[in-house]
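The values are calculated or read from the model by the stated rules, or taken from the named source; none is laboratory data. Bear in mind that the values here come from a model prediction, so they are computed numbers and not experimental data. Methodologically, a virtual Cβ is constructed for each residue, glycine included, from the backbone with ideal geometry; neighbour enumeration extends over all protein chains shown. SASA here: full protein model, heavy atoms, side chains in, ligands and nucleic acids out. Shrake-Rupley method; radii C 1.70, N 1.55, O 1.52, S 1.80 Å.
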Amino acid sequence: MIIKNYSNWGNRMLKRLLIIGAVILTGVLTLLLSMPWDKTHVQDMKLTAKQGRMDASEWNIERDPVLRLDGEWEFYWNKLLTPEDFQDKNTVQPPLYMQVPSLWSKKVVQGTTLPVFGCATYRLVLEHVPFRKKLALKKVNARFSSRVYVDGQELLADGLPAQQAENYRSGNTPQLAFFENDSGRIEIIVQVANYEYLNSGIPASIELGREDTMLEQHQRKHLASLLVFAALCTIALFHMIFFIITRDGVLKNPILLLFSLFCFLLAWGNGLSDQRSLLLLLPDIPFTLAFKLKDICLSADFIVVIWIFCKFRRGQVQLRLAQLVSLVYSIYLVMILVLPIHVYYEIHAGVMACNTVVLLVLLVRAIRLYVRNGEGFLLFVAVLSVNLYSADTILFSLGIKESSGFVQVFILFFTVVMIAYLSMEYRNTVERLRRSMKQTQDAEIAFLRAQIKPHFLYNSLSVIAVQTTQEPQKAKNLLYDLTDYLRGSFHFEAHDGMIPLSGEMNTVKAYLSIEKARFGDLLEVEYYIEEGLNTMVPLLSIQPIVENAVRHGIFKRAEGGRLRLQIHKENDFAVIQVEDNGVGISKELLEGIRRGESPTDGVGLKNIRGRLESYKGARLEIESMEGVGTVVTLKVPYREVLHEGNCSG
């Protein structure tokens, strides 16, 4: 038996390992698909720049509306040349050549290693361009400021390229512009300068193509980015509202607040990355501030992620580690805020390495939890998504990837997984709340049962004892009534706290029969019950109201009084009305009873009102006039009895 159990455990572990491997492989392949060797990025080798020239004669613009201007561009280091400089060939030294897309940082050119900071001019001449109408040119990424000239005219400007850092201003957002092509020759000059970022150059292809196609692609990318921003903000707002609503109750969950903060920070960080679509909504914000805001949001988001995993039911991060990471990253956030970009980016590589180590540790722990215990699969997928997101961001920062647009896939995947996890947590919490409410309801019913006063039993038994010698048959009937009353008061087969109306009425009639035997003509009872009623009602909901009417209304009058019980169906509700012509209730006391604040509201009225909150549309209404009488109306949803112990609703 032990060997068999061990074998089954081993098979389950192997199955989980295979699932883990399949998910990781899928994630890694997804990341690799976005790399530069993606087949969709390959174009005809004949349409490749060589030594600053590209023969575009074989460009079929109808089949390939977008042409990537990849290849060898003329490269002039530490110079910012304009179209006028190229008109006199004697003023321009022979060019070097640089691949586009690529980075010039640390490249060795003619025996010299180029530094990160500096400026350069790129130049490409397209010849035999077959298309003579309006064309579009897109600059995606030129680090960290640029100016683009086409056929002698300035077409794009992003920041302010300069040969000296003090005259430079950063700017690096995807830009699209249009120009008329009147000849078969196009000259493109790109000035690039960087004195802030950790690498320099043109890491993404410059694109040329049809006006309508490129405009549509450009707008579609911005729309997708803004939709992700709106979706994340909506999710953040939803979880924030839910946290506020449940913060003082059983459903309270701190992960709701953390996830709301995570989505909000991620929305802004992502909106200021890659396409930087939020700058369309904030055109006047300086680029340096936007870039810092992006770094602040994404770094703060890492702190939130650590706390999310710390607060998981099986905390994957120890409290001390979460506090330590928060302290270190808080210091880094202050550095981002007060230091220039190039200064705090000196330790950026170390921060990214720290991110990677912590996330990998989280991933290993999540895998171990799932493989050993079969728990936390969603946790594992969430941690894997964050790891892939981090890897994609690092590849883009290092210039290995041309775009970080694929990051949004991992963002959305993590968001979906977290929503699934929180939904499961919510369902589990609601189930716990339901059980708690059931226990509370049982306790309230037990309280009502405890209201059966000993003196009522003594008086009932005394009446029965007297009748035993005078009218034995009547005594026997009263004993049956007392038995029915006690059986109804201690009903242990209620379905969700409800019993058939007939069962509750047996208890009511038994109680009234005993009271009538005790007080004779002082108590007059009238029943008006609609025929064919077959509904469920809350256990011990009618009898306590009837007892209140008898004890606190009718029997406080010397001459006694009349009790009228009416029950009928009204739309989708069963309406139960208990009316007496007793002493009534004073206006002040009645208001206190309605608010549930009166300590003398009779047997169980507050209890009944509390239990009615479990049933949609149910309510208890009290109308009374002092010296005239009281009417108590109980409305509960009509739930037909299917068979004993069951009902439909």
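Using per-residue counts of other Cβ atoms within 10 Å, averaged over each peptide, order 621-632, 192-203 from highest down. Walk me through the numbers on the way to the answer.
Numbers: 621-632: 16.4, 192-203: 24.4.
So the peptides 621-632, 192-203, ranked by packing, come out 192-203, 621-632.
Could you check the spin-label model distance between L522 and E216? Points 7 Å from the Cα along Cα→Cβ, value in nm.
In this crude label model, L522 to E216 measures out at 9.2 nm.
Report the full-extension gain for the segment H128 to R53: residue separation times 0.36 nm, less the Cα-Cα distance, to one decimal in nm.
25.9 nm
Can you give the net charge of the other residues whose Cβ lies under 9 Å from the Cβ of K133, counting K and R as +1 and D and E as -1?
+1
Work out the FRET efficiency for K79 and C233 from their Cβ-Cβ distance, taking R0 = 35 Å, and round it to the nearest 0.05.
That gives a FRET efficiency of 0.20.
Is region 241-352 best put as rounded, prolate or oblate by its Cα gyration tensor, with a ≥ b ≥ c the root eigenvalues, rounded for a/c under 1.5, and otherwise prolate when a/b is larger than b/c, oblate when not?
Verdict is oblate for region 241-352.
Label points 7 Å out from Cα along the Cβ direction at E570 and Q164: separation in nm?
8.9
What list of ³J(HN,Hα) couplings, whole Hz, do you get for region 524-536 from phi and the Karplus terms 6.51, -1.76, 1.60, once you set θ to phi - 60° and write x for glycine and proline?
Karplus-based 3J(HN,Hα) across region 524-536 equals 10, 10, 10, 10, 10, 10, 4, 5, x, 5, 9, 10, 9 Hz.
How much area per residue is accessible in region 53-149 when the probe is 1.4 Å and only protein heavy atoms are counted (Å²)?
For region 53-149, the per-residue accessible area is 46 Å².
Quick check on packing: order 525-536, 607-618 by the mean number of other C-beta atoms within 10 Å, highest mean leading.
For the peptides 525-536, 607-618, the packing ranking is 607-618, 525-536.
Summarise the accessible area of region 279-341 (1.4 Å probe, protein heavy atoms) by the percent that is carbon and sulfur.
68
Between D64 and L223, take the C-beta separation as r, use R0 = 30 Å, and let me know the FRET efficiency to the nearest 0.05.
According to the calculation, E is roughly 0.80.
How do the peptides 205-216, 58-69 rank, highest first, by the average count of neighbouring beta carbon atoms within 10 Å per residue?
For the peptides 205-216, 58-69, the packing ranking is 205-216, 58-69.
Which net charge results when you count Lys and Arg as +1 and Asp and Glu as -1 among the other residues whose beta-carbon is under 14 Å from that of S277?
Value of the local net charge: +3.
V364 versus Q87, label points 7 Å from Cα toward the beta carbon: distance in nm?
About 6.5 nm separates the two model spin labels.
Just add up the charged neighbours of M352: K/R +1, D/E -1, any other residue whose Cβ is under 13 Å from the Cβ of M352.
Spelling it out: positives minus negatives among the neighbours equals -3.
Identify the residues of region 172-201 with backbone N under 17 Å of a label point that sits 7 angstrom from the Cα of L289 along the Cα-to-Cβ direction, or state none.
172
What FRET efficiency do you get for V23 and E621 if R0 is 41 Å and r is their Cβ-Cβ distance, rounded to the nearest 0.05?
Using R0 = 41 Å, I get an efficiency of 0.10.
Whenever you get a sec, compute what percent of the accessible area on region 342-397 sits on carbon and sulfur atoms (1.4 Å probe). Don't skip to the answer; put the middle values down first.
Values: 1530 of 2240 Å².
Taking all protein chains in place, region 342-397 shows 69 percent carbon and sulfur surface.
Step through the residues of region 23-29 one at a time and calculate ³J(HN,Hα) from phi using the Karplus curve (6.51 cos²θ - 1.76 cosθ + 1.60, θ = phi - 60°), rounding each to whole Hz and writing x for Gly and Pro.
Going residue by residue, I get 5, 4, 4, 4, x, 5, 4 Hz, with x marking Gly and Pro.
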